Amino acid sequence: MRKNNYWGKQTIAFAIALLALFTSCGEETRYSNSYRCNFRFNTDIHNNTVLNQVTNPLIPGIYVRVSLSARGSVRHVDLLTGTGTSESVPLTTAEERMQTYDMGADNGIIVGRSVYHGLLAFDAQCPNCLSENSGGFFPLSFHGNGTQMTCAHCHRVYDLNERGVVVSGEKGKKLMEYAAQYTGRLLLVHNKY
């Protein structure tokens, strides 16, 4: 009787190990850790920005390029939508001034709500040109209706609604994706370790 119990426990342990292996593989490679990313934006304090549209699940297909700049001693979050609307939001609260921001490969991320996949965030640099040219500066710009990004260097076009896959040009890597979540108050974009 003990022998049957031993094989039963071994079978269960093996099944759990296989389940863990198959359910964790996609998550590990889905998010990029190549460049540090740590961005948080309080939509309660800044409740009238284009980032508020991104957090609304009823308005999919809107994407915003987010970068940081300084004007005097005040940091600003600079926003550019796929349709060309831009704004600059000063970070003036004590919490915001203390926050450390890491904005990917070169001070830029793209945040939006996919029609198919919910809230998404990507690096604003071309991953293929970065790897093929040992670094450098290869910014992406909005293309078409604001749901695609294009690289001026390699001419690849990436579809943001489809998790950043190459849809035109030479085949290659998809955009570097970061974890994105909205708590109802904070928009968070970060690496997933």
Worksheet item: From the residues in segment 52-70 that are touching a residue at least 40 places away in the same chain (Cβ under 8 Å) and of a type in the set (S, T, Y), which one is nearest to L119 (Cα to Cα)?
Response: T55
Discussion item. Condition (residue is in a loop (DSSP other than H, G, I, E, B), out of contact with any helix residue (DSSP H, G or I) (no Cβ under 6 Å at 6 or more places or on another chain), in contact (Cβ under 8 Å) with a residue 24 or more places away in the chain and of a type in the set (D, E)) applied to segment 35-50: is it met by at least one residue?
Written reply: yes
Worksheet item: Which of the residues spanning segment 121-153 are within 23 Å of A180 (Cα to Cα), open to solvent by 60 Å² or more (accessible area, probe 1.4 Å) and in contact with a strand residue (DSSP E or B) (Cβ under 8 Å, 6 or more places away or on another chain)?
Response: H143
Worksheet entry | Odd one out for S88, checked against (1) modelled with pLDDT under 95; (2) surrounded by fewer than 16 Cβ atoms within 10 Å (Cβ to Cβ) | (1)
Item to complete: Would you check if K171 is surrounded by fewer than 20 Cβ atoms within 10 Å (Cβ to Cβ), over 13 Å from the mean Cα position of the chain (by Cα) and charged (D, E, K, R)?
Response: yes
Response to the item:
Here the residues within segment 154-168 that are among the small types (G, A, S) and either more than 16 Å from V115 (Cα to Cα) or loosely packed, with under 15 Cβ neighbours inside 10 Å (or both) are S168
Item to complete: Go over the candidates V115, V54, V66 one by one and state the one that is closer than 16 Å to G146 by Cβ and more than 14 Å from the chain's Cα centre (by Cα).
Response: V115
Discussion item. Going through G108, G118, G112, G82 one at a time, which residue ends up being surrounded by fewer than 19 Cβ atoms within 10 Å (Cβ to Cβ) and among the small types (G, A, S)?
Written reply: G118
Practice prompt. Return only the number of the condition from (1) crowded, with 19+ Cβ neighbours inside 10 Å; (2) under 29 Å from C151 (Cβ atoms) that E96 does not satisfy.
Written response: (2)
Worksheet item: For segment 167-185, how many residues meet the condition of being modelled with pLDDT of 95 or more and either within 16 Å of Q53 (Cβ to Cβ) or of a type in the set (G, A, S) (or both)?
Response: 6
Worksheet entry | Residues that are under 17 Å from G118 (Cβ atoms) and surrounded by 14 or more Cβ atoms within 10 Å (Cβ to Cβ), drawn from segment 174-185 | K174, L175, E177, Y178, A179, A180, Y182
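Which residue, of S34, S73, is open to solvent by 70 Å² or more (accessible area, probe 1.4 Å) and closer than 22 Å to E170 by Cβ?
S34
The values are calculated or read from the model by the stated rules, or taken from the named source; none is laboratory data. Keep in mind the model is a prediction, meaning the values are calculated, not measured. In this analysis, Cβ positions are derived from the backbone assuming ideal geometry, glycine residues included, and neighbour counts consider all displayed protein chains. For the accessible areas, the whole protein counts, side chains as well, though only heavy atoms, and no ligand, DNA or RNA atoms are used. Shrake-Rupley method; radii C 1.70, N 1.55, O 1.52, S 1.80 Å.
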